[in-house]
Amino acid sequence: MTFDISEFRVSAGEAPKLNKRDTRATTGWDSNDKDGGKQRVLELNERLEQLQELLWAEGKNRVLVVLQAMDAGGKDGTVRHVFEGVNPTGVKVASFKKPTDEELAHDYLWRIHHHVPANGEIVVFNRSHYEDVLVVRVLDLAPKSRWSKRYEHIVNFEQMLADEGTTIVKIFLHISRAEQQERLQARLDEPDKNWKFDPGDLIMRERWDDFQQAFEDAIAKTSTNDAPWYVIPADRKWFRNIAISEILVQTLEGLNMEFPAPAQGLDEIVIPD
Ligand code: AMP
Ligand code: MG
């Protein structure tokens with residue numbers, strides 16, 4: 001199946017209308033075919049592995065993947081499944097937690113810029129500078145007069161990265177409130193998931209509607225041609241993995257990369273005994 005990734009892309013200036021989207025959708029895939037879906041992820045994984053090697057070998061492009069979601073939205077699982085088997089040399093994950101005192105003593109992009117990809121690299125942001133218009137807005141960690149200007153900074157910052165050779169893909173894992181409840185409950189019920197349970201997540205959950213509104217605004221205001229947002233139905237993890245793998249594979253294929261030409265005269269070289 002070829003799958004049209006533009007289905008999930010939010011065009012520049014478009015409102016994502018999160019509350020109208022089905023978080024259980026399996027667009028282009030039979031919702032009962034979970035096994036086939038998992039198989040597809042493995043195939044895409046192999047392709048991604050090849051493309052990542054090419055990206056690294058060619059060393060001309062940089063790829064930044066931004067992952068955002070509500071708590072228990074599947075960011076960690078996405079990193080685990082989508083990049084399974086990809087050579088860790090060329091893929092880095094940067095996780096952005098509560099800022100340290102040193103980070104808070106700077107502007108909010110200071111800690112971010114340092115982690116953007118270099119030539120040949122894929123960097124995945126697990127949370128990102130978007131927290132500065134999400135949690136910061138919802139929990140009032142900065143006055144509105146501060147955070148409301150950040151959308152424009154972010155658009156400009158990302159445009160600069162794109163103009164300088166970075167390909168940017170931003171992904172919102174869209175889960176339902178009911179799915180979040182189930183996943184948080186599983187963290188309480190299953191001993192091997194207990195470590196993931198953070199009581200703070202319940203405080204955030206109380207603010208569900210405010211977070212949805214903050215995501216709605218952030219996506220609407222910052223999806224651009226060079227740094228588009230994709231809203232992925234993410235209640236079904238296997239479908240989420242297919243959709244994101246497809247987006248990455250098709251984005252990398254779109255770079256039309258080539259292995260560097262071999263050095264001259266390789267066929268005359270004899271490796272000594
Ligand atoms: P986790 O991803 O579950 O490890 O949680 C990280 C926590 O850090 C989340 O509660 C985020 O909301 C919080 N966080 C990340 N970035 C920021 C930020 N810029 N300001 C405040 N809190 C943040
Ligand atoms: Mg957490």
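Derivation of every value follows stated rules applied to the coordinates shown; laboratory data play no part. Since the model is a prediction, treat every value here as computed from it, not as a measurement. Every residue, glycine as well, gets a Cβ built from its backbone with ideal geometry; the counts of neighbours run over all protein chains shown.
Brief remarks on what is shown
- From the largest down, the chain spans 70, 47, 38 angstrom on the principal axes of its Cα atoms.
- Hydrodynamic radius (Kirkwood) for the range 124-195, which is based on Cα pairs only, to one decimal in Å: 15.1 Å
- Acute angle (nearest 10 degrees) that the helix 237-253 long axis makes with the longest principal axis of the chain, alpha-carbon atoms: 40 degrees
- With contacts taken as Cα pairs under 8 Å at a separation of at least 6 residues, the chain carries a relative contact order of 36 percent.
- Above-threshold pairs, the threshold being 32 Å between Cα atoms, out of Lys60/Lys144; Lys60/Lys196; Lys92/Lys221: Lys60/Lys144; Lys60/Lys196
- Each residue of the range 105-122 was assigned a 3J(HN,Hα) from its phi angle through the Karplus expression (A = 6.51, B = -1.76, C = 1.60, θ = phi - 60°), giving 7, 10, 5, 6, 8, 4, 6, 7, 4, 4, 9, 5, x, 8, 3, x, 9, 10 Hz with x at Gly and Pro.
- Remark: relative contact order (the range 7-123) = 35 percent; criterion is Cα-Cα distance under 8 angstrom and separation of 6 or more residues.
- Dipole of the chain [Lys/Arg +1, Asp/Glu -1 at C-beta], most positive-end residue of Leu188, Ser31, Ala105: Leu188
- Computed over the alpha carbons of the range 1-46, Rg followed by Dmax gives 13.2, 37 Å.
- Between 0 and 90 degrees, the angle of helix 34-58 with respect to the longest Cα principal axis of the chain falls at about 60 degrees.
- Sorted on the mean count of surrounding Cβ atoms within 10 Å across their residues, most packed first, peptides 80-93, 143-156, 170-183 read 170-183, 80-93, 143-156.
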